[in-house]
1. Take the residues in the stretch 1-41 that are small (Gly, Ala, Ser) and within 11 Å of residue 320 (Cβ to Cβ); name whichever of them is farthest from the ligand (Cβ to nearest atom).
2. So is residue 273 open to solvent by less than 10 Å² (accessible area, probe 1.4 Å), touching a residue at least 60 places away in the same chain (Cβ under 8 Å) and farther than 27 Å from residue 100 by Cβ or not?
3. Take the residues of the stretch 209-233 that are open to solvent by 40 Å² or more (accessible area, probe 1.4 Å) and more than 16 Å from residue 25 (Cβ to Cβ): which is nearest to the chain's Cα centre (by Cα)?
4. Counting just the residues of the stretch 276-322 that are among the small types (Gly, Ala, Ser) and part of a strand (DSSP E or B), which one comes out most open to solvent (accessible area, probe 1.4 Å)?
5. Quick one: would you say residue 86 is open to solvent by 30 Å² or more (accessible area, probe 1.4 Å) and either more than 12 Å from the ligand (Cβ to nearest atom) or in contact (Cβ under 8 Å) with a residue 12 or more places away in the chain (or both)?
6. In the stretch 120-142, what residues are more than 9 Å from the ligand (Cβ to nearest atom), open to solvent by 10 Å² or more (accessible area, probe 1.4 Å) and part of a helix (DSSP H, G or I)?
7. Go through (1) in the same structural domain as residue 9 (by TED's automatic domain parsing); (2) more than 17 Å from residue 319 (Cα to Cα) one by one and return the number of the condition residue 184 breaks.
8. Given the condition assigned to a strand (DSSP E or B) and within 18 Å of residue 218 (Cα to Cα), answer yes or no: does some residue in the stretch 247-270 qualify?
Amino acid sequence: MLKVSAPGKCILLGEHAVVYGHPALAVSIDMRLEINIKKLSSKSEYHMIEGKEIKRNHHPHIFDAINEIWGADSQKLAFEISSEIPTSAGLGSSAALSVAISMGLVTLKNEKIDLEKISSIAHKLEADSQGGLASPMDSSTSTHGGCILLANEKLGKNWLYSRTLNNKKWEIHSFELHQNIKDVAIVIGNTGIHGSTGDLVKGVKKRLEENPKLIQDIEAINALTALGVNAIEQGDVETLGAVMNLNHTHLQNIGVSCKELDDLVSAARETALGAKLTGAGGGGCMIALSKNPKQTARDIELAGGRSYICKFGVEGVKIEDSMID
Ligand code: MEV
């Protein structure tokens, strides 16, 4: 049995705009997905998950990963997945799955572990399941852990690699968080409503085609992300909070928020430095940057959300157990 785990993530700034090649910043969080992989006997005809045959319409990431890395006709495998990351909630559960399975299959093939390659395969799996529109934000953060900045130019020492998809290019960097940022809390508020990342990303594209003026909101998110990154470098948590608040307004304008998210964001702002939706939106989660995490969590709960004070910047994908039979 081979056991691999990968973390979820939350996006501090820049979601959706990042799909159009703009910068974004995300941190890994202490919710992990774990995948167990076992080789089946030579008599087995199918790759299996939780005792059932893997079919593409039910498990697209796993099905495509097997074809891409392992080979559909190679020895059959059995998978079991357990996860602390809520699905369709903006916290990177599908990226964690793509990253963990890519790492697992590459390890099983005895290939050299190269994190750039793992995140690249996972990005492709994500893009295939999002109709071709996906940034490498979620897959890079789950692979490397810590804090990841996607930028449109190389920014010196912390550059990891470049990634291109559909004429969009991102420069991926690891980013060291200032101690002041590590000292504040990120409180996650979950609306409990599921949002499909693929549908939300396609919805933004359609609205941009129908109403080209919305590009101003994408550009405003771009400018705010630059301000936020600067604030993080300076350890200026107040400015970062204000930037997050403004970022949320532009996400509302491009149509990816909803009443439930807005209610949690407003409630959290009573005690937080700033709050915004995180990830694709349409339900899912918001995050608040707070010096009073318990009060902020309580306010989120009173407004109808489920709250979680997370540890962030945790380790990326890792092999938990490599006893391969
Ligand atoms: C989803 O976590 C983030 C989006 O920006 C999509 C993407 O980056 O692929 C909405």
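1. Looking at the filtered set, the residue picked out is 5.
2. Answer is no for this residue.
3. Per the stated criteria, the residue is 219.
4. We begin by selecting, within the stretch 276-322, every residue among the small types (Gly, Ala, Ser); these are 279-284, 288, 290, 297, 303-305, 307, 313, 316, 322.
Right, trim to part of a strand (DSSP E or B) and you get 288, 290, 307, 322.
On the way: 288: 0, 290: 1, 307: 32, 322: 77 Å².
Ranking the candidates gives 322 first.
5. On the way: open to solvent by 30 Å² or more (accessible area, probe 1.4 Å): yes; either more than 12 Å from the ligand (Cβ to nearest atom) or in contact (Cβ under 8 Å) with a residue 12 or more places away in the chain (or both): yes.
Answer is yes for this residue.
6. Scanning the stretch 120-142 gives 120, 121, 124, 128, 129.
7. (1)
8. Residues of the stretch 247-270 that are assigned to a strand (DSSP E or B), as a first pass: none.
Within the stretch 247-270, none of the residues are assigned to a strand (DSSP E or B) and within 18 Å of residue 218 (Cα to Cα).
The values are calculated or read from the model by the stated rules, or taken from the named source; none is laboratory data. These numbers come from a predicted model, not from an experiment. Heads up, the Cβs are rebuilt from the backbone with ideal geometry, glycines too, and the neighbour counts pull from every protein chain shown. Calculation scope for accessible area: heavy atoms of the full protein, side chains included, ligands and nucleic acids excluded. Shrake-Rupley method; radii C 1.70, N 1.55, O 1.52, S 1.80 Å.
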